[in-house]
Each structure stands twice: as C-alpha cells, then as structure tokens.
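Throughout, read-outs are computed from the coordinates displayed, never taken from laboratory work. Keep in mind that what you see is a predicted model, and the values were worked out from it rather than measured. For neighbour counting, all protein chains shown are included, and Cβ atoms are generated from backbone atoms with ideal geometry for every residue, glycine included.
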Amino acid sequence: MSNPVIGTHNGHFHADEALAVFLLRLLPRYRNASLIRTRDPEVLKTCTIVVDVGGVHDDNLLRYDHHQREFNANFPGKNTKLSSAGLVWMHYGHRIINAVTGISEKDADCELLYQKIYEDFVEAFDANDNGISAYDPSAIRQAGIEKKFNDKGFSIASVVNRYNYAPSAREGADGPTANGTTTSGAPAPKKEKSQDEEDARFLRASAFVGEQFSLEIEDRAQSWLPARGVVKQAFAEREQWDAQGRIIVIPYKPEGVPWSDHLYALEAEKGCEGQVLYALFAESGEPNSKWRIRAVSLEPGSFENRKGLPEQWRGVRDEELSKVSGVPGCVFVHASGFIGGNVTFEGALDMAKKAVDM
C-alpha cells in the first residue's frame, strides 16, 4: 500500500483545517501521511483524503469540505454547522479516541468522550470558521450590553491566524527586523512567502492546535471520565448532608475530581436542575486536611453562582470570620463569595448548612 497523502488548501489557513490535519495524523492509517496544500483539482485528485477544499463532502470518497453552497451538516444533536475539524471528528472521532486512549470504540465511555470533546473543544472550531457567535450579536446590541475589554486575540483561532504571518521554522533566526532588513543585514524578503515556507508555518499552527487537543483528550480520559462515577455516588448521598439535597460532598482523589460538569448532567437526568448550591471538598488526602466550600456556578463556565456565600462573610478571614459566621475554624471567604475554607470538614459543612438558608 502506497504512503497516504492528506490534501488541504494552500494560502491563508485557519484553525479548523489545522486541527483536521492533526486529528487525521492521530490515526494509524495517516500517522506518517504526506501533506499537500493546494487548490489544484487535478493534484487534489491524487490525494488519499482531502479536508477543507474541493467542494465535496463524501465519506465514501474521503472528501471533507464544507464550503459548498448545499452543505448543511451538523454534529448529531447540535445546531452548529460543521467545518473541516467537525467533519473529521464526526466521522473519525471514535477511532481517534481508541487510537489515543485505548478505549474500545464500542465502549460507552468512548461515546461519552466523543460527545464531550466535540461539545467542549471541536464545536468552537466549527463555529469560528463559519462565523457563528456564542451569543446573538444583534440581541446583545439591542440589550445595550457593552464589552468591558477587548479580548481580540484571546482564542485558539486568533493564535493560529498569527502563524500566517510569523516567520516559519525554515526561516530560522534570519528573519525580518523592525527596520526592514533581516538579522544578517540583507534586505527583508517580500511579503509573499514560498509554498515551502507557508507549509512550514501551517505545520507549526497544526502542532500548536494539536497540543491543545492532546491536553483536552488526556484530561477528559484520565480525569473527567473517572470522576463521573465519583460524582454520581456523591450526588446519590447528598441528602444525608441536607434534606433538600442542596449540599454535595466530593471525596478527595489524588488525580483530582472535576465535578461540576457531572453535577449539571446528573441534575438534568434526575430533573432537579439547580438544586445543589454548594460543593465541599478536601484540600488534600491528609486526615487533618482543610476543607473548601464552593458555590456552584449558575451554568458551566459562568462566574455567576446559584447562591454565593453570605455577603457578610465575604472578604473576612480566620477568627473574625468565625465570629461573624458563628462557625469555629473558619479560614476565609473570597471577596466575591464563590469559595471559602475551614480547618475541618465539620466546619465547612456547618458553613454550608448556614449559607443555604441565608
């Protein structure tokens, strides 16, 4: 079998095809595949698999473009139009998970990761490439909401875009300087770069995006996925701490327990969304560990809480906090009221029991 060839377009590149190429190279079939970046239809015909160019989406032909007028594919259960990244993940995600983690494609955990990684990582690539905002811009304008600061450049897509203009690895240290010459004193090259230089920059961008993906799948497989069972058990036991189920106690695990996503999902499954107000967890596995009390966010990723810790506790520490709260052993409550601490589990639980009714 000849060495496979991945094809994508040349010219200005984006985050979606940078990720698509990286994802394909995680599969044994394409691990050592060559890459051709071109818009020449005749050259693309010679490629084993093509992403983000060619005007065709056909899994049987291994063609995954999304720019054609009639294209309207979405990931199952989602409304965001797919980009080349989403197309590759939709068709190959289970196989990629198996290749990276060893989890069988038929395992229920593989499906959980498949859905989770799309929702938390890949979907944003699709939305960005298709010009879809997380919030309706017109609704924001009509509401008179103004940005507090300029966050331009604070995204993976923005970083990838910079690679279009950054010196490539092939250019080395002899790149252009502020006065228009190279570091060796020679005239700076023209803005147009050779195909080799452009390809080198694309590969750097793909490696950058790929590193972020690798961190994502590693975290989800090694931390998030095992945490589901831990949080499920804690959720089932929540009424022993509060009759209305408003407090959950998360057991300590050395690898950490990312609990919030699972809590939202479990509440939805049980039809009790918004019930849990506070989560308690130990700072360490030591018997005398201090404990934290964390207000549950209003929704995933939000800085707003379902019920912040009491206003009169906020920004207060140690003995003064114990006096104000009436709970011995208090350590602190953050000024925003999202988290606090106590020297014992009993103290943290007492803080939570008082806070739910204040």
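Dipole size of the stretch 263-309 about its Cα centre, with +1 on Lys/Arg Cβ and -1 on Asp/Glu Cβ: approximately 200 debye, rounded to the nearest 20. In sequence order, the stretch 218-226 has phi-based couplings of 5, 5, 5, 6, 9, 10, 4, 5, x Hz under the Karplus curve 6.51 cos²θ - 1.76 cosθ + 1.60, θ = phi - 60°, and Gly or Pro positions carry x.
Put in line by how crowded their Cβ is, counting other Cβ atoms within 10 Å and starting with the fewest, Met351, Met90 read Met90, Met351. Rounded if a/c is under 1.5, else prolate if a/b is larger than b/c, else oblate: which is the chain, with a ≥ b ≥ c the root eigenvalues of its Cα gyration tensor? Since a/c reaches 1.5 and a/b is larger than b/c, the shape of the chain is classed as prolate.
Of the GluC sites (Glu not before Pro) in the stretch 12-86, the ones in a loop by DSSP (not H, G, I, E or B) with at most 12 other beta carbons within 10 Å are Glu70. Within straight-line reach of Lys148, meaning a Cα separation under 26 Å, sit the following lysines at least 8 residues removed in sequence or on another chain: Lys307.
When the C-alpha to C-alpha distance is required to be over 22 Å, the pairs from Lys81/Lys232; Lys290/Lys323; Lys78/Lys253 that qualify are Lys81/Lys232; Lys78/Lys253. Candidates Trp241, Ala265, Met351 compared by Cα position along the dipole of the stretch 237-355: farthest toward the positive end lies Met351, with charges placed on Cβ. Picking from Ala124, Ala243, Ala85, which is most flexible by a Gaussian network model of the chain using Cα springs under 10 Å? Between Ala124, Ala243, Ala85, it is Ala243 that shows the largest mean-square fluctuation. Only Lys, Arg, Asp and Glu carry charge here, each on its Cβ (+1 for the first two, -1 for the last two); on that basis the stretch 237-355 has a dipole of about 240 debye about its Cα centre.
Straight Cα distances below 19 angstrom link Lys116 to the aspartates and glutamates Asp16, Glu105, Asp107, Asp126, Glu211, Glu216, Glu218, Asp219, Asp261, Glu267, Glu269, Glu299, with same-chain residues fewer than 8 positions distant left out.
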